[in-house]
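What follows is a single structure, written as structure tokens, with notes after it.
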Number of protein chains: 2
Amino acid sequence: MSIQEVSMTTTFLDELTALLGERGLLRDPDAMARYVSDWAGDRLGMPLAVARPATTAEVAEVVRCCHQHGVGMTPQGGHSGLVAGALPAADGQELVISLERLDRVRDIDPVNFTMTVDAGCILENVKQAAAEHDCDFPLSLGAQGSCQIGGNIATNAGGLNVLRYGMMRELVLGLEVVLPDGRVWEGLDALHKDNRGYDLQQLFLGSEGTLGIVTGAVLKLSPRPTQSRTALLGLPSVQAVIDLYGQARRDCCDLLTAFELIPRRCIELAMEATPELRDPMDDSYPWYVLMEVAATGPIDLGELLEQLLESGMERELVLDGALASSDTQSAQLWQFRESMLEGQRRRGEHLRTDISVPISAIADFVSQASDVVMAASPQCEIIAYGHIGDGNLHFNILPPTTLADADKKAHLHELEERLFEVLDRFKGSISAEHGIGRTKQAPYLARLSPLERELVAGIKTLFDPKGLMNAGRILPTE
Amino acid sequence: MSIQEVSMTTTFLDELTALLGERGLLRDPDAMARYVSDWAGDRLGMPLAVARPATTAEVAEVVRCCHQHGVGMTPQGGHSGLVAGALPAADGQELVISLERLDRVRDIDPVNFTMTVDAGCILENVKQAAAEHDCDFPLSLGAQGSCQIGGNIATNAGGLNVLRYGMMRELVLGLEVVLPDGRVWEGLDALHKDNRGYDLQQLFLGSEGTLGIVTGAVLKLSPRPTQSRTALLGLPSVQAVIDLYGQARRDCCDLLTAFELIPRRCIELAMEATPELRDPMDDSYPWYVLMEVAATGPIDLGELLEQLLESGMERELVLDGALASSDTQSAQLWQFRESMLEGQRRRGEHLRTDISVPISAIADFVSQASDVVMAASPQCEIIAYGHIGDGNLHFNILPPTTLADADKKAHLHELEERLFEVLDRFKGSISAEHGIGRTKQAPYLARLSPLERELVAGIKTLFDPKGLMNAGRILPTE
């Protein structure tokens, strides 16, 4: 850094300190440590500083200051992203803007089925606040105890209940956004229907913090379910899972909240990770479905599930099943879904993917992709699970145990490329719910048409002509 | 027109004729007549010509030709828009591009719950094609026998079932769009989940044909309901309607497909228009709710509705009710909803509005708005009905019968301004589902912040730098 640059940086940081106070601006490397890595342990470099504004007005002031001084910004939520989109750049020149102090529930209107929240609210707290008004905010993620609403919006989060309630995009009615020059776009309407011209809010949903910083949102609530039933079923094939899904959508009358595909290997991984888990059925089956139905009123969900199970068995789609008859039993069944993730983590470095194909193509895709991957690496282990109703698979790969640690990354990268080639034949997506960030940028760009790239870059330039806001995510900086 | 202009126009039209053939380009005023007015009878002027391309490639060629010659374009669907957005400009210089010949269902995938259609498909035909595969395309509008999918997309159509299935935005998974320079954006993915960068498709939904011409779409289907039940209930107040709605959302377990507010005056208008309709209950009530539940599986809907009615009566929200016990009876109840529109039409010139407020504010809004309007025009008649679950009211006004026809328009315009001032206090929308087009442009612009206008104009310029595509709709030309 030149003397002139150092002096400019000092001026900039002094301005921020004056604005936010000592508590609002962290410059000490120890204090900044928890802002530089995410859930997966990814880490690129230290930021210039970490700003912790406490209000929308403070966020706007910080952004205006960055805009004026030409300082790059990394908006940051709960560090649970999976594509390194919210990590400060390696060059040490970016200011992290953490939303963690914007954590107020501003308003709950249970009659309108809406709540207005700060972007830094933790998802679990939002769900809890809704529940206190007999409402439900249905977004449901593994990271809900730490992820923030602003991050959910920036990444258009998905999760377990998309099947019934949609992605984050369908759960947001209004937004308040600080644009890259510090101006505030006021779009905090609590209207269920509004067709006034272009729907600007849609652009921010899923833009991964590259077009502005979401500071507030109006969320759409549902009535809180008063009952739910869970079942774990054993099935002979992925095709049987797909066929059962079509039947479940009909027989369960839109009351289906989850329909998760789980391979036998994941049941084993779950039992490894949580030894008190016992094999859920007498026999083992190649594929399992963990499904849940929920209702807010007087419907006999147990009977619905039993009827589905019965006709599924008649059609030889279902081989066996465990129906939870209490909340405890239900929690035990969900324990398999959670422990299998822990089981994977314990295997160390492995390939995590997040892909989607049409539901009707899932069986063929799993078969062809497995053939290609096993041909390329006969000793690897494939673990394909996912949200069937969304066509969303986490087709993950554990590398051969015999492979040296140093070679794993390159080997897995090679397998990912083969996998994505199969995916292209199915017109699938390389990122169904995690986004692009930095991690998925190369395969994203490789598949982006010149026309689409032009439009995406045009939108970025329209909102952020100086290229300061979360630069290098989605599109590279140039 | 100068000689040079005439000669350029001739060259342009000759090129189009060569491209589309005689059948594909109408230049005769008689043949063009049906492309110059819409359902409401609005009409501005004749176009230069009417192009009727039959394929996406032909649409692209026509648009490229317009782009090259600097000719303005009016994309056109089924003429059922309500804001004059698809009518050619008065100056006679625009080319109408009708999508009516792009009317193929390209593909139905009932396992993926999707279908791929040309933009010119009529909504009713799409619904029929879905039904043949035991699926449902749930968008439901009065105009469904004539409106086209492309128009539904361009206007982000709403209608009767938004409560359960969402607006058109939530029913579209992929789009194919001819951009204003003739290039084709290929976004026809049939993926339920896809987070690859900015979601460009969201921009076209609701952009009213100003950013490009939608030529194809992947639509999201639902399982086809196998049963439904309808009820017409009499209630004492709008607040009782709101309270019952909250209870119905819970007690009916997300199976609610419609919940329509109808004032007594509309029941009378319906009976005037359709004399064979008899008063639905022994007594008359100030407000009615027409509601419907539907299910795809074995749930006793009649029991659900009866329970709701019973507890509604206990809470003195519901005063009386008629439950349809057959499809014929159900159709009779829906006849009130349809005939009341016809009854309004027969009253001649009247103010149609399409506004939304938070559901929790509906009762207050109706009360305050009625007071303001009646104070300004004691002899007018207010007819406020709408989709309660969406906070969407058609707060319509019949002018005093004593008023001279020539004075009605100005009088109603004045009342609309008063009404919108009340709406502003409730942070409502002047256009919940109809869009802006030309008709709503003045009140839209009056409420648009400079920042928002800058962003909207920036997006328009990004996609259509020459300003040729449906110019003057949403934003004015300048």
Given the structure, is residue A:343 within 29 Å of residue A:280 (Cα to Cα) and assigned to a helix (DSSP H, G or I)?
yes
Six or more apart or on different chains, Cβ atoms under 8 Å: show the pairs whose first residue is in segment A:439-452 and under 20 Å from residue A:351 (Cβ atoms) and open to solvent by 20 Å² or more (accessible area, probe 1.4 Å) and whose second is of a type in the set (A, V, I, L, M, F, W, C) and modelled with pLDDT under 95.
A:439/A:82; A:439/A:83; A:439/A:84
For segment A:423-433, state whether one or more residues are basic (Lys, Arg), over 27 Å from residue A:89 (Cα atoms) and facing chain B (nearest Cβ under 8 Å).
yes
Got at least one residue in segment B:150-164 being free of Cβ contacts under 8 Å to residues at least 12 places away in the same chain, surrounded by fewer than 24 Cβ atoms within 10 Å (Cβ to Cβ) and within 11 Å of another protein chain (Cβ to nearest Cβ)?
no
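Give segment A:346-377 a look and list any residue that's within 14 Å of chain B (Cβ to nearest Cβ) and open to solvent by 40 Å² or more (accessible area, probe 1.4 Å), or say none.
First, pick out the residues of segment A:346-377 that are within 14 Å of chain B (Cβ to nearest Cβ): A:353-365.
Once the filter is applied, which keeps residues that are within 14 Å of chain B (Cβ to nearest Cβ) and open to solvent by 40 Å² or more (accessible area, probe 1.4 Å), segment A:346-377 yields A:360, A:364.
Based on what the data block shows, is residue B:473 closer than 13 Å to residue B:209 by Cα, facing another protein chain (nearest Cβ under 10 Å) and among the basic types (Lys, Arg)?
Numbers: closer than 13 Å to residue B:209 by Cα: yes; facing another protein chain (nearest Cβ under 10 Å): yes; among the basic types (Lys, Arg): yes.
It is true that residue B:473 is closer than 13 Å to residue B:209 by Cα, facing another protein chain (nearest Cβ under 10 Å) and among the basic types (Lys, Arg).
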Inspect segment B:185-196 for any residue being free of Cβ contacts under 8 Å to residues at least 60 places away in the same chain, in contact with a His (Cβ under 7 Å, 6 or more places away or on another chain) and open to solvent by less than 40 Å² (accessible area, probe 1.4 Å) and give the result as yes or no.
yes
Looking only at segment A:293-338, count every residue that is at negative phi and more than 14 Å from every other protein chain (Cβ to nearest Cβ) and tell me the total.
24
Identify all residues within segment A:33-52 that are open to solvent by 10 Å² or more (accessible area, probe 1.4 Å), of a type in the set (A, V, I, L, M) and at pLDDT 85 or above; write none if there are none.
A:33, A:46, A:48
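Confirm whether residue B:206 is crowded, with 19+ Cβ neighbours inside 10 Å, within 14 Å of chain A (Cβ to nearest Cβ) and either over 18 Å from the mean Cα position of the chain (by Cα) or within 21 Å of residue B:435 (Cβ to Cβ) (or both).
Against the criterion (crowded, with 19+ Cβ neighbours inside 10 Å, within 14 Å of chain A (Cβ to nearest Cβ) and either over 18 Å from the mean Cα position of the chain (by Cα) or within 21 Å of residue B:435 (Cβ to Cβ) (or both)), residue B:206 qualifies.
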The number of residues in segment B:127-181 that are under 10 Å from the mean Cα position of the chain (by Cα) and among the β-branched types (Val, Ile, Thr) is 2
Working only within segment A:133-149, note down all residues that are open to solvent by 10 Å² or more (accessible area, probe 1.4 Å) and away from chain B (no Cβ under 13 Å).
A:140, A:141, A:142, A:143, A:144, A:145, A:146, A:148
Would you check if residue A:427 is within 25 Å of residue B:198 (Cβ to Cβ), open to solvent by 40 Å² or more (accessible area, probe 1.4 Å) and either charged (D, E, K, R) or not in a loop (DSSP other than H, G, I, E, B) (or both)?
yes
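Residue-by-condition table, conditions (1) more than 10 Å from chain B (Cβ to nearest Cβ); (2) over 25 Å from residue A:279 (Cβ atoms):
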{"residue": "A:215", "(1), (2)": "yes, yes"}
{"residue": "A:219", "(1), (2)": "yes, yes"}
{"residue": "A:224", "(1), (2)": "no, yes"}
{"residue": "A:236", "(1), (2)": "yes, no"}
{"residue": "A:240", "(1), (2)": "yes, no"}
{"residue": "A:250", "(1), (2)": "no, yes"}
{"residue": "A:253", "(1), (2)": "no, yes"}
Could you list all residues from segment A:105-115 that are crowded, with 20+ Cβ neighbours inside 10 Å and closer than 13 Å to residue A:189 by Cβ?
A:112, A:114
In segment B:1-32, the residues that are surrounded by 15 or more Cβ atoms within 10 Å (Cβ to Cβ) and either of a type in the set (Gly, Ala, Ser) or in a loop (DSSP other than H, G, I, E, B) (or both):
B:24
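Yes/no matrix, rows are residues, columns are (1) under 26 Å from residue B:62 (Cβ atoms); (2) of a type outside the set (Lys, Arg); (3) not assigned by TED's automatic domain parsing to the domain that holds residue B:113:
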| residue | (1), (2), (3) |
| --- | --- |
| B:177 | yes, yes, no |
| B:180 | yes, yes, no |
| B:183 | yes, no, no |
| B:198 | no, yes, no |
| B:201 | yes, yes, no |
| B:204 | yes, yes, no |
| B:209 | yes, yes, no |
| B:216 | yes, yes, no |
| B:219 | yes, yes, no |
Report yes if residue B:226 is of a type in the set (S, T, N, Q), in contact (Cβ under 8 Å) with a residue 60 or more places away in the chain and buried (at least 24 other Cβ atoms within 10 Å of the Cβ), otherwise no.
no
Here is a list: B:464, B:390. Which entry is in contact with an Asp or Glu (Cβ under 9 Å, 6 or more places away or on another chain), among the acidic types (Asp, Glu), within 9 Å of chain A (Cβ to nearest Cβ) and buried (at least 17 other Cβ atoms within 10 Å of the Cβ)?
B:390
Would you confirm whether any residue within segment B:69-89 is under 17 Å from residue B:179 (Cα atoms), within 14 Å of another protein chain (Cβ to nearest Cβ) and either open to solvent by less than 20 Å² (accessible area, probe 1.4 Å) or not in a loop (DSSP other than H, G, I, E, B) (or both)?
no
Of everything in segment A:103-117, what is touching a strand residue (DSSP E or B) at 6+ places or on another chain (Cβ under 6 Å) and either within 19 Å of residue A:66 (Cα to Cα) or among the charged types (D, E, K, R) (or both)? Give them in sequence order.
A:103, A:104, A:106, A:107
Let me spell it out: the conditions are (1) surrounded by fewer than 24 Cβ atoms within 10 Å (Cβ to Cβ); (2) not in a strand (DSSP E or B), and residue A:120 meets all of them except one. Which number is the exception?
(1)
In segment B:323-340, anything crowded, with 19+ Cβ neighbours inside 10 Å and not in a helix (DSSP H, G or I) is listed as B:324
Could you identify the single residue in B:367, B:326 that is over 26 Å from residue B:167 (Cβ atoms) and not assigned by TED's automatic domain parsing to the domain that holds residue B:262?
B:367
Where residues in segment B:439-462 are out of contact with any Leu (no Cβ under 8 Å at 6 or more places or on another chain) and among the basic types (Lys, Arg), which of them is farthest from residue B:397 (Cα to Cα)?
B:447
I'm told residue B:408 meets every condition in (1) assigned to a helix (DSSP H, G or I); (2) among the basic types (Lys, Arg); (3) in contact (Cβ under 8 Å) with a residue 24 or more places away in the chain; (4) facing chain A (nearest Cβ under 10 Å) except one. Can you identify the failing condition by its number?
(4)
When restricted to B:130, B:119, the only residue away from chain A (no Cβ under 12 Å), touching a Lys or Arg at 6+ places or on another chain (Cβ under 8 Å) and closer than 30 Å to residue B:51 by Cβ is B:130
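The values are calculated or read from the model by the stated rules, or taken from the named source; none is laboratory data. Because the structure is a prediction, the values reported are computed rather than measured. Cβ sites come from the backbone with ideal geometry, for glycine too, and all protein chains shown count toward neighbours. Heavy atoms of the whole protein, side chains included, go into the accessibility calculation; ligands, DNA and RNA do not. Shrake-Rupley method; radii C 1.70, N 1.55, O 1.52, S 1.80 Å.
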